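A short write-up of the structure that comes next.
The values are calculated or read from the model by the stated rules, or taken from the named source; none is laboratory data. Every value quoted in this text rests on a predicted model; they were computed, and no experiment measured them. Note that we place each Cβ from the backbone using ideal geometry, even for glycine, and neighbour counts take in every protein chain shown. Keep in mind that these areas ignore ligands, DNA and RNA; they rest on the heavy atoms of the full protein, side chains included. Shrake-Rupley method; radii C 1.70, N 1.55, O 1.52, S 1.80 Å.
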Amino acid sequence: MSEPKTDIATYAPQAVEAKWQRQWEEWRTNALDLADAERPYYNLMMFPYPSAEGLHVGNVFAFLGVDIHGRFRRLQGWDVFEPIGFDAFGIHSENYALQVNAHPGKLIPSNIARFREQLKRIGLMLNWDHELSTTDPAYYKWTQWVFLQLYRAGLAEKKRAPVNWCPECKTVLANEQVIDGYCERHRGVRVHQKFLEQWFFRITEYAERLLANLDWIDWSESTRSMQRNWIGRSEGAELVFETPTGHRIRVYTTRPDTVFGATYMVLAPEHPLVERLTTHEQLAVVREYRRAAVAKDIVSRKVGSREKTGVFTGSYARNPATGESIPVWVADYVLMEYGTGAIMAVPAHDERDFEFAKTFDLAVRQVVSLSAPGQTELPFTSWDGVLVNSGQFDGMPCAEAVGAITDWLAERDLASRQTQYRLHDWCISRQRYWGPPIPIIHCDACGTVPVPEADLPVLLPEVDDFRPDESGTSPLARHEDWYRVACPTCGATARRETDVSDTFLDSGWYFLRYPSSDVNDRPFDPALTAKWLPVDSYIGGNEHAVLHLLYARFLTMALHDLGHFEFEEPFLRFRAHGTIVKDGAKMSKSRGNVVIPDEYIAQWGADTFRLYLMFLGPYQEGGDFRDEGIVGVRRFLDKIWGLVTAAGHEPDGSESPEARRKLHQTIRKVTTDLEELRYNTAIAAMMEYVNVLRGMVSEEDGAEPRVPIGLLDPLVVLLAPIAPHFAEECWQRLGNTKSVFTADWPSYDEALAQEEEVELVVQVNGKVRGRLRVAAGIDEAAAVDKALEDAAVQRAVGDKPVRRTVFVQDRLVNLVV
RNA sequence: GCCCGGGUGGCGAAAUGGGCAGACGCAAGGGACUUAAAAUCCCUUGGGGCUUAGUCCCCGUGCGGGUUCGAAUCCCGCCCCGGGCACCA
């Protein structure tokens, strides 16, 4: 009756995984006909930058969460498109090439080859038929096309502007790439202010829509919040302070209600009116202050000492509310790039103004009186107060006075309501080599001429001399044979734009290209795009919340407005995954705590590693990588292996009601957990189920426990998204001939999942005093009667009368005495 | 300072339309099997208490209050950790 134990093969992950990866390729299990798919589901992961080091555990963790979601959706009957590509342009690749003294174009292919191998080894359900690389001319031709669309729409402009210059990268950085005044790539290198002609995308035109749509797109709250902060909308008013010489100084304020307390004004050193407003006597000192301020790099200006410095211009302006003349100062605590570059100073109700006023002995006038007693020491910025010293507005609450005073000043054309954003235009010029050349030609006669679309791509020339320099121009500017070109309009000798574009332009639209990756005559096929986009699910790291994710939304909106497709938001659902850390610290090469996935996969197999990473903690929170726990998930697989290899000898349908109930509860739990990316608890539920199955079957003389196939088939399907090779092998051993991914996701029956008997908790005055096993559905009266029979309950109740009972169906009864 | 997360056993963590705190797993301790070890299997495992060792009692989810029959969960006031923003007017 019992099979000899020698029949049971040992689960050997390496052999099993190799077998199924071959089988999948042979069957083309992961391929998909995009045009014919009936239930399209676009499952996107953030495409990697193919570094020389290969995939690290963080990448693997991120991709696994996406892959499990995709496999789950596939088993639910969707036609899942899970593409992959490589974000191979950019400073990172170029710097590495310079460091090892090689050409990036030579290094990238082998890096990509290594990534491909690793990605396949993990067992991702990737669609390799649509692989792309941003460095492929067949791709960046369309990156340049995107630039031209924005140029034609007036959303790309070249302007001379102060930009963030990293002396180490020897190129400019977008604001988003500057962290605390330092280069995001060179944390110890201060970013300088430099004035250069640069190409900008006018993302600020879209600030309001980018902000408004955050209210309805289904994204992780953390990501939406970061975008809101970055866009930084604030509402207020622009007020005008006139000078006796007829100048109108415009200021932006969020507190027009405090205008009666404005006792002086401050202009940013770069403000265009500074020279004109400065009196003859003050000219020398103002010029000197200005020169020093502008020369300061951004760091010492923004994050350096907050001590207030400034100089008086010698001029006065009229407070529009009081009519008083107030002095006009120049100080570097006012920034040119925000608002109008000038402020009204209300020292009583602004800490910075207060500090400045104390330093230079300027007047302080309180105009708000707090409603709450106490804490009335100046300065305070509370909105909970009423106006004082404010003429006819005395006694009015601040919030109300904002509108009232703005309207009152507007009557004399001295105010208007205004909304400000912190967001700046996106500087896309890079004075580097390894990127797509910006498709523009400069002609002395015709000016700025876009490269005709028929001439795309503008190929990046293969040059050996691509080291960046301090000149503020790209290395391409040293290659005259490349940049000399005939003007497309007049034919005269002209000059190509020698800057390349930011990597974030490459990655800002790649998801639009995937379905059309083999279409040659256009960037994206209209039918395929309509069918597959917007993306159904996007999962990635929050480090891209204000870079990639904001730019991708902007580009999608702009292309939508140009009529290229119907949708304006690219990613309907976005989930930010957590970070994997090691010993509490982010993994980094310099810390030496980087975990290489390959070693673990070689030792444990991909499925065990997949399971382990997902069991580590909540997917959306991440966790600490400690390899002690990995043996636990391996034991779990071994237990299933034992059940599967011994199964099939018992008549089907002989499962007990208890086992069947647990099965349906498990299906329910795993289904809802996977839906919400709660992989850790889904795995725990399957472990519980396996424990129940094993407990059910008594062991005879060391024989493997046996359970009917009907209890194992569904388990194998539930497990398939997380441990696909293992599931395939089990599926086959249970007698199936096709891939487990052709199976249907098991459905559960709510009635079968229902417990017949429940444990009712009995409380007395809210404290647990006993537990009752009762039939499900028991009513309150019966439950109370039964509870009062319990000895511990009687002891707790004593001789006190039961004043009240609280009853929660099938859960609890509470006696209040 | 502002905006998001988060704080639960030795460890990773479960449990929030308020209802058994600690599922699942690791580690640890004890036992079985074994010549032995590994593997495997079984038991114990938040802290404390007991004259009745139990279907027992008390305490316990960062801290202090509150609401409630009942709070990890809700409210008020704080502290700490992670991330984002920041002389942004």
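Please state which one of A:I122, A:I112 is open to solvent by 10 Å² or more (accessible area, probe 1.4 Å), over 23 Å from the mean Cα position of the chain (by Cα), among the β-branched types (V, I, T) and modelled with pLDDT of 95 or more.
Values: A:I122 fails: open to solvent by 10 Å² or more (accessible area, probe 1.4 Å).
Exactly one residue qualifies, and that residue is A:I112.
Among the numbered criteria (1) within 14 Å of RNA strand B (Cβ to nearest atom); (2) outside any loop (DSSP other than H, G, I, E, B); (3) in contact with a Lys or Arg (Cβ under 7 Å, 6 or more places away or on another chain); (4) more than 30 Å from A:H560 (Cβ to Cβ), which one does A:Y289 miss?
(3)
Listed residues A:V463, A:V519, A:V535, A:V485; which is under 20 Å from A:W199 (Cβ atoms) and of a type in the set (A, V, I, L, M, F, W, C)? If you could, list the steps in order and put the result at the bottom.
Working: A:V463 fails: under 20 Å from A:W199 (Cβ atoms); A:V519 fails: under 20 Å from A:W199 (Cβ atoms); A:V535 fails: under 20 Å from A:W199 (Cβ atoms).
Criteria check complete, one pass: A:V485.
Name the residues in the stretch A:331-344 that are closer than 15 Å to A:L239 by Cβ and either of a type in the set (S, T, Y) or more than 8 Å from RNA strand B (Cβ to nearest atom) (or both), would you?
A:T340
Looking only at the stretch A:347-361, decide whether some residue is among the hydrophobic types (A, V, I, L, M, F, W, C), modelled with pLDDT of 90 or more and outside any helix (DSSP H, G or I).
Here is the first cut: in the stretch A:347-361, the ones among the hydrophobic types (A, V, I, L, M, F, W, C) are A:348, A:354, A:356-357, A:360.
Now restrict to residues that are modelled with pLDDT of 90 or more: A:348, A:354, A:356-357, A:360.
Of the ones still in play, those that are also outside any helix (DSSP H, G or I) are none.
Scanning the stretch A:347-361, I find no residue that is among the hydrophobic types (A, V, I, L, M, F, W, C), modelled with pLDDT of 90 or more and outside any helix (DSSP H, G or I), so the answer is no.
Output the residue which, of all residues in the stretch A:773-804 that are assigned to a strand (DSSP E or B) and more than 9 Å from RNA strand B (Cβ to nearest atom), is most open to solvent (accessible area, probe 1.4 Å). Reasoning before the result, please.
Start the filter on the stretch A:773-804 by keeping residues that are assigned to a strand (DSSP E or B), which leaves A:773-775, A:804.
Add one more test, that the residue is more than 9 Å from RNA strand B (Cβ to nearest atom), and what stays is A:773-775.
Working: A:R773: 127, A:V774: 5, A:A775: 63 Å².
Looking at the filtered set, the residue picked out is A:R773.
Would it be correct to say that A:L55 is part of a loop (DSSP other than H, G, I, E, B) and either in contact (Cβ under 8 Å) with a residue 60 or more places away in the chain or under 25 Å from A:R121 (Cβ atoms) (or both)?
Details: part of a loop (DSSP other than H, G, I, E, B): yes; either in contact (Cβ under 8 Å) with a residue 60 or more places away in the chain or under 25 Å from A:R121 (Cβ atoms) (or both): yes.
Judged against the criteria, A:L55 is a match.
If you take the residues in the stretch A:579-594 that are more than 15 Å from RNA strand B (Cβ to nearest atom) and within 14 Å of A:G58 (Cβ to Cβ), which one is least open to solvent (accessible area, probe 1.4 Å)?
Within the stretch A:579-594, the match that is least open to solvent (accessible area, probe 1.4 Å) is A:V594.
Residues are listed down the side, and each one gets a yes or a no for (1) loosely packed, with under 15 Cβ neighbours inside 10 Å; (2) assigned to a strand (DSSP E or B); (3) over 24 Å from the mean Cα position of the chain (by Cα):
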site: A:L559; (1), (2), (3): no, no, no
site: A:E599; (1), (2), (3): yes, no, yes
site: A:L613; (1), (2), (3): no, no, no
site: A:Y619; (1), (2), (3): no, no, no
site: A:T645; (1), (2), (3): no, no, yes
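Would you mind telling me which numbered condition in (1) away from RNA strand B (no atom under 15 Å from the Cβ); (2) in contact with a helix residue (DSSP H, G or I) (Cβ under 6 Å, 6 or more places away or on another chain); (3) not in a helix (DSSP H, G or I) A:T737 fails?
Here A:T737 meets the rest and fails (2).
Please work out if A:T419 is within 16 Å of RNA strand B (Cβ to nearest atom) and part of a helix (DSSP H, G or I).
Values: within 16 Å of RNA strand B (Cβ to nearest atom): yes; part of a helix (DSSP H, G or I): no.
Criteria not met by A:T419.
What strands (runs of 3 or more DSSP E) lie completely within the stretch A:186-258 and have 1 or more residues being open to solvent by less than 30 Å² (accessible area, probe 1.4 Å) and more than 25 Å from A:D407 (Cβ to Cβ)?
Those strands (runs of 3 or more DSSP E) span A:192-201.
For A:G395, work out the one condition from (1) open to solvent by less than 10 Å² (accessible area, probe 1.4 Å); (2) part of a loop (DSSP other than H, G, I, E, B) it doesn't fulfil.
(1)
Report, by residue number, each residue of the stretch A:480-503 that is open to solvent by less than 30 Å² (accessible area, probe 1.4 Å), of a type outside the set (A, V, I, L, M) and either over 15 Å from A:H442 (Cα atoms) or free of Cβ contacts under 8 Å to residues at least 60 places away in the same chain (or both).
Selection gives A:Y483, A:C487, A:S501, A:D502.
Under 9 Å between Cβ atoms, at least 6 apart or on separate chains: pull out the pairs that start in the stretch A:438-453 with a residue that is in a strand (DSSP E or B) and end on any residue that is of a type in the set (F, W, Y) and open to solvent by 50 Å² or more (accessible area, probe 1.4 Å).
From the stretch A:438-453, the pairs are A:I440/A:Y151; A:T448/A:Y151; A:P450/A:Y151.
State whether the residues of the stretch A:541-556 include one that is open to solvent by 10 Å² or more (accessible area, probe 1.4 Å), on the phi > 0 side of the Ramachandran plot and not charged (D, E, K, R).
Checking the stretch A:541-556: not a single residue is open to solvent by 10 Å² or more (accessible area, probe 1.4 Å), on the phi > 0 side of the Ramachandran plot and not charged (D, E, K, R).
What residue, of A:V707, A:V761, is within 16 Å of RNA strand B (Cβ to nearest atom), among the β-branched types (V, I, T), out of contact with any Cys (no Cβ under 6 Å at 6 or more places or on another chain) and at pLDDT below 85? Working first, answer last.
Details: A:V761 fails: at pLDDT below 85.
Of the residues listed, the single one that is within 16 Å of RNA strand B (Cβ to nearest atom), among the β-branched types (V, I, T), out of contact with any Cys (no Cβ under 6 Å at 6 or more places or on another chain) and at pLDDT below 85 is A:V707.
Restricting attention to the stretch A:618-641, which residues are near RNA strand B (Cβ under 8 Å from one of its atoms), out of contact with any Phe, Trp or Tyr (no Cβ under 8 Å at 6 or more places or on another chain) and modelled with pLDDT under 90?
The answer is A:G623, A:D624, A:R626, A:E628.
Return the residues of the stretch A:714-734 that are part of a loop (DSSP other than H, G, I, E, B) and buried (at least 24 other Cβ atoms within 10 Å of the Cβ); say none if nothing qualifies. Outline the logic, then answer.
Step one: filter the stretch A:714-734 for residues part of a loop (DSSP other than H, G, I, E, B), giving A:720-723, A:734.
Answer for the stretch A:714-734, where residues must be part of a loop (DSSP other than H, G, I, E, B) and buried (at least 24 other Cβ atoms within 10 Å of the Cβ): A:A720, A:P721, A:I722, A:A723.
Looking at the stretch A:209-232, which of its residues are of a type in the set (D, E, K, R) and within 6 Å of RNA strand B (Cβ to nearest atom)?
Residues of the stretch A:209-232 of a type in the set (D, E, K, R): A:209, A:215, A:218, A:221, A:224, A:228.
Within the stretch A:209-232, just A:E221 meets the criteria.
Test A:E270 against the criterion of being within 16 Å of RNA strand B (Cβ to nearest atom), at pLDDT below 95 and of a type in the set (D, E), and give yes or no. If you could, list the steps in order and put the result at the bottom.
Details: within 16 Å of RNA strand B (Cβ to nearest atom): yes; at pLDDT below 95: yes; of a type in the set (D, E): yes.
So A:E270 passes the test.
Checking the structure you have, find out if any residue of the stretch A:573-592 is farther than 30 Å from A:L533 by Cα, of a type in the set (S, T, Y) and part of a helix (DSSP H, G or I).
no
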